[in-house]
Structure formats: C-alpha cells, structure tokens
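What follows is a short report on a single structure.
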Amino acid sequence: MTPIRIAIVGVGKIARDQHVPTIARDAGFELVATASRHGSVEGVPGFPDIETLLDSVGKLDAVALCMPPGPRHAAALKALSAGKHVLLEKPPGATLSELDDLVAAATASKVSLFATWHSRHAAGVAAAKDWLAHRSIRSMRVDWKEDVRRWHPGQAWIWEPGGFGVFDPGINALSIVTEILPMPIYLTSATLLFPKNRAQPIAADLTFADAAGADRVTATFDWRQTGPQTWDIRVATDEGELLLQSGGAKLFIKGEAVVNEGDVEYAGVYRRFAGLIAAGKSDVDLRPLRHVADAFMAGRHDFTDAFED
Ligand code: NAP
C-alpha cells in the first residue's frame, strides 16, 4: 500500500507531542513536509507557510492543520482548493459558519475533510458508548479541571478572541459527552468566569437538558487546578454508575475497571483519517463546537482576578 503523503502545518506543542510520532509509527502515512514560521521537524523539508508548501511539494496528498483555530480556516481553504485531504485539529474553527465553507470546498474538490476530536479515540470511550446505548440515563456530571500553566505555558493565542480559553480543553469533554450519550442535549444555563485582564474564560459551569427538558448534564471546566488533574465523566443510570477517568483512558462500570489503557488517541485519529480517505468521505461533527458557541452566547459572564502566566 502506498502511504498517504502528508504535511503538518503549525509545528507547535501538539504537532511535536502527537502528530509527528504518530505519523512515524503509522505505515499508512509518510510525513513529507512541514509549514511553520518558527517550528520544524528534523530531517523533514520545512516551508515558512502553507502557500509555499503547496507550491513546492508536488506529490502531497494531505495536510494536518495543527495551528490554533483562528488561522485554520484560511489554511484549510487553500489546501482543499489545491485538492488535498485535510485533517483539522480541534476545535475545528473559530466560528461555526466558517466550517460550512470548508465542507463545501471539500465536496467541490472531492477530497476528505476530517474535523478531529482526539478525546473520542481515548481507550474507554467506545465501550462507554456501547454500554450507555442500552441504559436509561439519570444524570451526567463532567469535571474537567487542569492547570493552565502546566498544559498551555506561554500560549498567548489561547487567551485571545477565538482562542477558547478553558473551552480549549473543555471542548474535549464535550466531544466525549456528545459521542457517548444516546440522546441529544442542549444548553440551559452557563456561567463563564473571565480574568479581568483576559479575553477568554478561565472557568465555566454549564447545565444541559435533554429533549424531555430535564437538566440531566452538568459540567465544570476549570483551569486553576494545581496538584492532581481531573478529567472525569460520571454517568448515573438505571443500572448503576459509569465512570470515565483520565480523559477517557480509564472506564469503570459499577465500580469495576473495564478499560485501563495508555494513550491511544492519535493512533485512532490517523486510523480514522486513512479510512475516510480510502472511502472518499468526510467527517465534520460540529456538536461540541455548537455547545461551546451556545455557552458564549447564552452564558452569564462574570469576572475574577487577573491571570498572569
Ligand atoms: P502551540 O504550541 O501554540 O502550536 C501551534 C503552532 O501553530 C505554533 O507553534 C505556530 O507555529 C503555529 N501558528 C500558526 N499561526 C499561528 C497563530 N496565529 N498564533 C499562534 N501560533 C500559530 O499550540 P498547540 O498546543 O500545539 O495547539 C494547537 C492546536 O492543537 C489547538 O487547536 C489545540 O486546541 C490543539 N490541541 C492541543 C493539545 C495540547 O496538548 N497542547 C492537545 C490536543 C489538541 P509557527 O510560529 O512556527 O508558525
């Protein structure tokens, strides 16, 4: 099988931590170039921007866009128009509407567009979805609490408009919630807490209802947690409790450990991307982004102490 010749655009933390090593381990892909203003990958030709990359690399099948969401739409449109398959890091864009544009461009160019949600590929998520499919959900509680200084050191963009603030990790929780819940939910209330010197929130409390109008899902996202980090989803059902821990890597059902695996998320992301390309399909599920947009639109905005890195 000829590997898919891929380029990474935006060589920063997630490109180095996950995309480069995952592509290196996956025989279905070959990293042939990067485009980044400052970053590079040893032994791989690097270009300063996506225009130069697209002009310079003849045999290029796909791009993985690993920059922040703000500049992603422009890059995606260029790549799709040039006939390349496109993998979007999460969140897929800075607005909902810009994604419509990209779906249309992918269809016109007959290429695959993949809006990735890496947390959905965590080891316990598929089994959690299967188990919940046959249960009656009483309530769901999400706690996504981490130390922003540890996970986003010096990332100025994340505090700027379009950077998402605490919703940058929080949207990962929402990607799992929307994947495993057997019914749709909608936001009924939200409080977003903004440091007085920042444009994006440092914490948020959210409540969602299901179609019957019952407030079944509550979530707290908080970037001020030091010490042990918490990425938990707890679901009470008619047949006992399901608990996803460590961002979905660990699954407990009625207190019994069912899944406890290491980090398999990006292997799953690239497996799915290869499958979409082979099948000539796209996958753009915007539900997590829609919930975040609703929280910004309908939520109360409160203010707290200034935050310094
Ligand atoms: P990052 O460390 O800041 O890297 C992003 C890279 O994108 C930068 O190094 C920069 O490289 C390039 N870039 C292009 N335009 C930019 C702009 N206008 N502002 C800032 N950088 C720009 O960020 P990251 O943590 O890798 O996150 C990137 C995306 O991956 C985000 O959407 C994030 O949600 C997602 N993600 C991150 C993690 C994580 O653990 N950090 C996990 C999963 C997903 P050049 O300066 O060389 O162009």
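The values are calculated or read from the model by the stated rules, or taken from the named source; none is laboratory data. Quick caveat: nothing in here was measured; it's all calculated off a predicted structure. Every residue, glycine as well, gets a Cβ built from its backbone with ideal geometry; the counts of neighbours run over all protein chains shown.
Going by the structure shown, is A79 crowded, with 19+ Cβ neighbours inside 10 Å, farther than 20 Å from G163 by Cβ and within 15 Å of the ligand (Cβ to nearest atom)?
Working: crowded, with 19+ Cβ neighbours inside 10 Å: yes; farther than 20 Å from G163 by Cβ: yes; within 15 Å of the ligand (Cβ to nearest atom): yes.
So A79 passes the test.
Residues checked against (1) touching a residue at least 40 places away in the same chain (Cβ under 8 Å); (2) more than 22 Å from K13 (Cβ to Cβ); (3) in contact with a Cys (Cβ under 8 Å, 6 or more places away or on another chain); (4) part of a loop (DSSP other than H, G, I, E, B):
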site: D168; (1), (2), (3), (4): yes, no, no, no
site: T178; (1), (2), (3), (4): yes, yes, no, no
site: T191; (1), (2), (3), (4): yes, yes, no, no
site: A209; (1), (2), (3), (4): no, yes, no, no
site: A214; (1), (2), (3), (4): no, yes, no, yes
site: P228; (1), (2), (3), (4): no, no, no, yes
site: V235; (1), (2), (3), (4): yes, yes, no, no
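Here K90 meets the list (1) in contact with a Pro (Cβ under 8 Å, 6 or more places away or on another chain); (2) closer than 16 Å to P182 by Cα almost entirely, failing just condition (2). Candidates G240, G255, G248: the one that is at pLDDT 95 or above, under 20 Å from F114 (Cβ atoms) and among the small types (G, A, S) is G248.
Name the single residue that is modelled with the lowest pLDDT among those in the stretch 134-153 being within 12 Å of the ligand (Cβ to nearest atom) and surrounded by 20 or more Cβ atoms within 10 Å (Cβ to Cβ).
The initial filter retains those residues of the stretch 134-153 that are within 12 Å of the ligand (Cβ to nearest atom), namely 146, 148, 150-153.
So of that shortlist, the ones also surrounded by 20 or more Cβ atoms within 10 Å (Cβ to Cβ) come out as 146, 148, 152.
Values: E146: 98, V148: 98, H152: 95.
Among residues in the stretch 134-153 that are within 12 Å of the ligand (Cβ to nearest atom) and surrounded by 20 or more Cβ atoms within 10 Å (Cβ to Cβ), the one modelled with the lowest pLDDT is H152.
Residues in the stretch 201-243 that are more than 24 Å from F164 (Cα to Cα) and of a type in the set (G, A, S): A211, A212, G213, A214, A236, G240.
Within the stretch 105-152, track down each residue that is under 17 Å from the mean Cα position of the chain (by Cα) and assigned to a helix (DSSP H, G or I). Explain how you work it out, then say what you get.
So the first thing to find is which residues in the stretch 105-152 are under 17 Å from the mean Cα position of the chain (by Cα), and the list is 113-126, 142-146, 148, 151-152.
Listed by number, the residues that qualify are H118, S119, R120, H121, V125, A126, V148, W151.
Being farther than 17 Å from I202 by Cα and out of contact with any Ser or Thr (no Cβ under 7 Å at 6 or more places or on another chain) is the requirement here; does R271 meet it? Even if it seems obvious, please write down each step before you answer.
Values: farther than 17 Å from I202 by Cα: yes; out of contact with any Ser or Thr (no Cβ under 7 Å at 6 or more places or on another chain): yes.
So R271 passes the test.
Can you name the residue in the stretch 31-51 that is out of contact with any Pro (no Cβ under 9 Å at 6 or more places or on another chain), outside any loop (DSSP other than H, G, I, E, B) and among the hydrophobic types (A, V, I, L, M, F, W, C) and is also farthest from the ligand (Cβ to nearest atom) among such residues? Write out each step before concluding.
Here is the first cut: in the stretch 31-51, the ones out of contact with any Pro (no Cβ under 9 Å at 6 or more places or on another chain) are 31, 38-51.
Remaining after also requiring outside any loop (DSSP other than H, G, I, E, B): 31, 46-47, 50-51.
Checking the rest, the ones that are also among the hydrophobic types (A, V, I, L, M, F, W, C) come to 31, 47, 50.
Numbers: L31: 16, F47: 11, I50: 10 Å.
Among those residues, the one meeting the criterion is L31.
If you go through the stretch 209-238 and keep only what is acidic (D, E) and surrounded by fewer than 12 Cβ atoms within 10 Å (Cβ to Cβ), you end up with just D238.
Among the residues of the stretch 154-198, those identified as farther than 15 Å from P91 by Cα and near the ligand (Cβ under 9 Å from one of its atoms) are G154, Q155, A156.
Restricting G10, G28 to those that are among the small types (G, A, S), within 7 Å of the ligand (Cβ to nearest atom) and in contact with a strand residue (DSSP E or B) (Cβ under 8 Å, 6 or more places away or on another chain) reduces the list to G10. Within the stretch 13-25, the set of residues being within 16 Å of the ligand (Cβ to nearest atom) and either out of contact with any Cys (no Cβ under 9 Å at 6 or more places or on another chain) or farther than 18 Å from S112 by Cβ (or both) comprises K13, I14, A15, R16, D17, Q18, V20, P21, T22, I23. Among residues of the stretch 28-49 that are among the acidic types (D, E), those with a beta-carbon under 9 Å from a residue that is more than 11 Å from the ligand (Cβ to nearest atom) and part of a strand (DSSP E or B) at least six positions away or on a different chain give the pairs E30/I4; E30/R5; E30/I6.
Have a look at L193, L206, L181 and point out the one that is within 13 Å of H291 (Cα to Cα) and surrounded by 17 or more Cβ atoms within 10 Å (Cβ to Cβ). Spell out how you get there, then give the answer.
Values: L193 fails: within 13 Å of H291 (Cα to Cα); L181 fails: within 13 Å of H291 (Cα to Cα).
So the residue among L193, L206, L181 that is within 13 Å of H291 (Cα to Cα) and surrounded by 17 or more Cβ atoms within 10 Å (Cβ to Cβ) is L206.
Considering each residue of the stretch 64-71 in turn, at least one proves to be buried (at least 22 other Cβ atoms within 10 Å of the Cβ), among the small types (G, A, S) and within 15 Å of the ligand (Cβ to nearest atom).
Tell me which residues, restricted to the stretch 242-274, are assigned to a helix (DSSP H, G or I) and of a type outside the set (V, I, T). Please lay out each step first, then the result.
Applying the first criterion (assigned to a helix (DSSP H, G or I)) to the stretch 242-274 yields 246-248, 265-274.
Hits for the stretch 242-274 are S246, G247, G248, E265, Y266, A267, G268, Y270, R271, R272, F273, A274.
The set of residues in the stretch 96-112 being within 16 Å of the ligand (Cβ to nearest atom) and either in contact (Cβ under 8 Å) with a residue 60 or more places away in the chain or among the hydrophobic types (A, V, I, L, M, F, W, C) (or both) consists of L96, L99, L102.
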